[in-house]
Amino acid sequence: MNQMAWGILVTCGKDEQMASGVEVSYLDLAGKAVLSHSLQAFEQSHEIGGVILVTAPERVEQTLGLCQLHGFAKIRKVVPGAATFFGSVQHALKYVGEDIQFLCLHGAGRPCIQAGLVSEVVKAARKDGAAAAGVPVGQQLMAAGKGDLIKEVVAADTFWHLQSPTACRLDWLKLALESAAKKKKHPADIVEALALIKKTVKLVANPRPNLHLRQPTDLMMAVALLA
């Protein structure tokens, strides 16, 4: 079986829009489209053998042209997506090669990832079955009660912010999505999805900022991070 993972990069759906409803992936960021930055990280990762790009139906031709313009050689297919992240992933699964065992999933709204992080997440998934980028909270947490009064101080040393990319065994992912459909669940991320089949996810510490673009001001921050 092929040990090389394939990437699924999602550019459409509510998670890939700014709060105003503007699609993030096609905005300019440091001279090229936002999605190009994530594609470059997948392109440069030695653990990724192919990429399926999921985009809004009306953006398919535009996205194909963008990939050709930048010479992304690992693109295997550009496919129309859905309103939700996992809906788009399900569309992409139809085009995954039969010999592929692992997938690496990412939303284009986080453009500051690097090839090294993609590779580390895939390697961790090969060892533990599933993995996700994240960062320890590292700060004291407060649980608030009525009137926003502090109710409890929570030790933060075991808490992480979940990020992406995430990687997973393909068979686990398919089982998780089947379970979600049967139980009429709509998991927000791969951790929730895999919990439905009682699978755990290995966290991979990301030493760099991994900004999720949600506001126009985030673009300026991303430019600085990518400089």
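Values quoted throughout were computed directly from the atomic coordinates according to the rules given, and no laboratory measurement underlies them. Just so we're clear, the structure is a prediction, and the values are computed from it rather than from any experiment. Here the Cβ positions follow ideal geometry from the backbone for every residue, glycine too, while neighbour counts run over all protein chains shown.
Could you calculate the FRET efficiency of residue 170 with residue 115 from 1/(1 + (r/R0)^6), where r is the beta carbon distance between them and R0 is 35 Å, rounded to 0.05? Result of the calculation: an efficiency of 0.95.
Going from the fewest other Cβ atoms within 10 Å to the most, the residues 11, 200, 63 appear in the order 200, 63, 11. As a test, work out the antiparallel percent of DSSP beta bridges whose residues both lie in the chain, rounded to the nearest 5. Rounded to the nearest five, the antiparallel share is 45 percent.
Relative to the Cα centre, the charge distribution of the range 1-70, modelled as +1 at Lys and Arg Cβ and -1 at Asp and Glu Cβ, gives a dipole magnitude of about 40 debye. Of the trypsin sites (Lys or Arg not before Pro) in the range 83-153, the ones in a loop by DSSP (not H, G, I, E or B) with at most 16 other beta carbons within 10 Å are 94. Rounded if a/c is under 1.5, else prolate if a/b beats b/c, else oblate: with a ≥ b ≥ c from the C-alpha gyration tensor eigenvalues square-rooted, which is the range 138-227? Oblate.
Comparing 29, 7, 56 along the charge dipole axis of the range 1-136, the residue lying farthest to the positive side is 7, per the Cβ-charge model.
Compared with the alpha-carbon gap, the fully stretched path from residue 18 to residue 197 is longer by 61.3 nm at 0.36 nm per residue. By DSSP, the beta bridges lying fully in the range 106-219 are antiparallel in about 70 percent of cases.
Cβ crowding within 10 Å, taken as a proxy for footprinting-reagent exposure, orders 110, 59, 76, 208 from fewest neighbours to most as 208, 76, 59, 110. Residues within the reach of a label modelled at residue 93 (point 7 angstrom out along Cα to beta-carbon, backbone nitrogen below 11 Å), restricted to the range 167-190, are 170-182. Projecting label points 7 angstrom from Cα along Cα→Cβ for residue 77 and residue 3 puts them 2.6 nm apart. Would you please classify the overall shape of the range 34-175 from the alpha carbon gyration tensor, given that a ≥ b ≥ c denote the square roots of the eigenvalues, rounded means a/c under 1.5, and beyond that prolate means a/b larger than b/c while oblate covers the rest? Prolate, because a/c is 1.5 or more and a/b exceeds b/c. For the range 139-227, applying the loop criterion from DSSP together with a ceiling of 15 other beta carbons within 10 Å to the chymotrypsin sites (Phe, Trp or Tyr not before Pro) yields 159. By the rule of a C-alpha distance below 24 Å, with chain neighbours fewer than 8 residues away ignored, no lysines are paired with residue 151. Simple point charges give the picture: +1 on the Cβ of Lys and Arg, -1 on the Cβ of Asp and Glu, and for the range 72-162 a dipole about the Cα centre of about 340 debye. Measuring against 27 Å, Cα to Cα, the residue pairs 146/185; 94/185; 14/123 contain 146/185; 14/123 as the ones spanning a longer distance. Rounded to the nearest 20 debye, the dipole size of the chain about its Cα centre is 560 debye, using +1 on the Cβ of Lys and Arg and -1 on the Cβ of Asp and Glu. Between residue 61 and residue 159, the modelled labels are 4.9 nm apart [label points 7 Å from Cα along Cα→Cβ].
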